[in-house]
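Data block below; observations after.
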Amino acid sequence: MFNDIGLPEVIALVVLAVLVFGPDKLPQVIQDVARTIRKIREFSDSAKQDIRNELGPEFKDFEFEDLNPKTFIRKQLDSDELGLKEIRNGFDLKKEMAEVGDAVQTVGDVRDDAPSSSAGTSSGGRISMTKGPDLEKRPESTEQPAKPTPPPFDADAT
C-alpha cells in the first residue's frame with residue numbers, strides 16, 4: 001500500500017507529527033492509532049470469517065484477494081485446465097521471428113533469380129523505397145511535378 005514512501009517522506013511525517021501533537025502527546029497518539037488499526041483488522045477478519053461460514057463448505061478455499069481482477073486472471077491462466085501452459089511454452093518468439101526472417105530471405109533469393117520487369121523494382125530484385133518511378137530512369141527536368149490526384153471519396157467506407 002505504501003511501497004513508494006522513502007526515508008525522506010518518513011522523516012517529514014515524523015517531524016510533522018512532532019510539530020502537530022508535540023513531544024509530550026506523541027506516544028499516546030501513536031498508541032491510539034495502533035489500537036485503532038488493530039481493531040479494524042480484527043473487524044475485517046471477523047467479517048471475512050462470517051462470510052466464509054455463510055457461503056458453506058463448497059467455498060472453503062475462497063480467498064478475498066481473488067476478487068481483484070488481476071489476481072483472478074493470473075490464477076485462471078496459471079491453472080492448467082485449459083492447456084494454456086502448453087500453448088504459452090510452445091510459443092517461442094525468437095524462433096518464430098527466425099522462421100519469418102528465413103521465409104523472407106527465401107522469397108528475396110527467389111526474386112533475385114527471376115528477371116525484374118515491374119516498374120516498382122530496380123536492378124537485383126530490390127524494391128525501390130522512393131515515391132514514383134525509379135530515380136535512375138527519371139529524366140532530369142526543371143519543371144514542377146504534377147500534383148497527384150487524391151483517391152476518390154467513398155462515403156460508405158467512412
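Accessible surface computed residue by residue for the stretch 1-81, with neighbouring protein chains in place and a 1.4 Å probe, gives 91 Å² per residue.
Given the pairs 39/75; 48/70; 39/60, which span a C-alpha to C-alpha distance of over 27 angstrom in this model?
Violating the 27 Å Cα-Cα cut-off are 39/75.
Spacing of the modelled spin labels on residue 15 and residue 77, each 7 Å from Cα toward Cβ, amounts to 4.4 nm.
Subtracting the Cα-Cα distance of residue 3 and residue 149 from their residue separation scaled by 0.36 nm leaves 46.7 nm.
The values are calculated or read from the model by the stated rules, or taken from the named source; none is laboratory data. Please read all numbers here as calculations on a predicted model, not as lab measurements. Positions of Cβ are backbone-derived with ideal geometry, glycine not excepted, and every protein chain shown enters the neighbour counts. Quick note on the areas: whole protein, heavy atoms, side chains included, nothing else; ligands and nucleic acids left out. Shrake-Rupley method; radii C 1.70, N 1.55, O 1.52, S 1.80 Å.
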